[in-house]
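The values are calculated or read from the model by the stated rules, or taken from the named source; none is laboratory data. This one's a predicted model, so the numbers in the text were calculated from it and none came from an experiment. Reconstructed Cβ throughout: ideal geometry from the backbone, glycine too, with neighbour counts over all protein chains shown. Each accessible area value is taken on the protein alone, full model and side chains, heavy atoms only, with ligands, DNA and RNA left out. Shrake-Rupley method; radii C 1.70, N 1.55, O 1.52, S 1.80 Å.
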Amino acid sequence: MVRRVLLNLEAPDYIMAELTKEYPSLTFTAVKRDSPQLYNYLKDTEVFLSFQCKKEILAKAPQLRFIQLLRVGMDGAPLKEIFDRGITLANAKGIHNHIMSEYAIGAMINLSRNWHLVYKNQLQGKWDRGVPQGEIRGATLGILGL
């Protein structure tokens with residue numbers, strides 16, 4: 001029986017070669033996202049890596065035992081069907097922890113210093129000393145959301 005790991009993404013040849021070398025008992029197949037070829041490999045797929053998993057995927061993959069979503073959110077995944085079949089589902093929780101906090105700090109500085117306006121002026125060859133330059137030191141921050 002083929003033990004197939006199906007990657008629903010573009011994977012460079014060197015990555016595929018490294019996976020095959022590291023796990024010789026598995027067959028790795030990479031199929032571009034939204035490619036109709038995807039359905040050709042699902043019948044003997046045990047592990048599925050993708051940014052999304054739809055009901056149609058589950059229906060065509062009777063051997064499926066593990067799904068790795070390559071994103072944090074699980075919205076759009078058919079959770080009931082996945083759990084009813086006893087398929088293990090994993091996401092990429094935590095992958096953006098440091099990146100998002102650094103982005104938030106960068107965005108705060110960018111907005112307080114109006115760098116977007118300075119950059120726009122720079123592209124136009126304009127030097128405008130009147131662009132307000134605030135700072136975040138001593139500011140109060142409110143966080144809205146989950």
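Charging the Cβ of each Asp and Glu at -1 and of each Lys and Arg at +1, and nothing else, the dipole of the stretch 41-84 about its Cα centre rounds to 60 debye.
Express the carbon and sulfur contribution to the solvent-accessible surface of the stretch 1-57 as a percent, rounded to the nearest whole number, probe 1.4 angstrom.
Ligands and nucleic acids excluded, carbon and sulfur give 52 percent.
If you wrap the tightest convex hull around every Cα atom of the stretch 94-146 and split its volume per residue, you get 108 Å³. Across Lys60, Lys120, Lys32, mean-square fluctuation computed from a Gaussian network of the chain (C-alpha pairs under 10 Å connected) peaks at Lys120. Scaling against 2.2 N^0.38 Å puts the C-alpha radius of gyration of the stretch 56-146 at 1.84.
So what is the accessible area of the chain per residue, in Å², with the probe set to 1.4 Å?
Result: 74 Å² per residue.
Close amide H partners of Ile67, meaning residues 5 or more places away or on another chain with modelled amide H under 5 Å apart, are Phe48, Thr88, Leu89, Ala90. Computed about the Cα centre, the dipole magnitude for the chain is approximately 220 debye when only Lys and Arg (+1) and Asp and Glu (-1) carry charge, each at its Cβ. Residues whose amide H comes within less than 5 Å of that of Thr27, counting only those at least five positions distant or on another chain, are Arg3, Arg4, Val5 (H built at 1.01 Å from N in the peptide plane).
According to the square roots a ≥ b ≥ c of the eigenvalues of the Cα gyration tensor, what is the shape class of the stretch 12-86, taking rounded for a/c under 1.5, prolate for a/b larger than b/c otherwise, and oblate for the remainder? Walk me through the intermediate numbers first.
On the way: a/c = 1.71, a/b = 1.59, b/c = 1.08.
Prolate.
Remark: the stretch 69-83, residue by residue, has Karplus-estimated 3J(HN,Hα) of 7, 8, 7, 7, x, 10, 4, x, 7, x, 4, 4, 5, 4, 6 Hz, where x stands for each Gly or Pro and the curve is 6.51 cos²θ - 1.76 cosθ + 1.60 at θ = phi - 60°. Computed from Cα positions, the angle between helix 97-113 and the longest principal axis of the chain comes to roughly 20 degrees.
Hey, if you drop one equal point scatterer on each alpha-carbon of the stretch 1-126 and run the Debye formula without solvent, what base-10 log of I(q)/I(0) do you get at q = 0.09, 0.11, 0.16, 0.21 Å⁻¹? Debye intensities relative to I(0), on a log10 scale: -0.41, -0.54, -0.82, -1.20. Scaling against 2.2 N^0.38 Å puts the C-alpha radius of gyration of the stretch 58-111 at 1.64.
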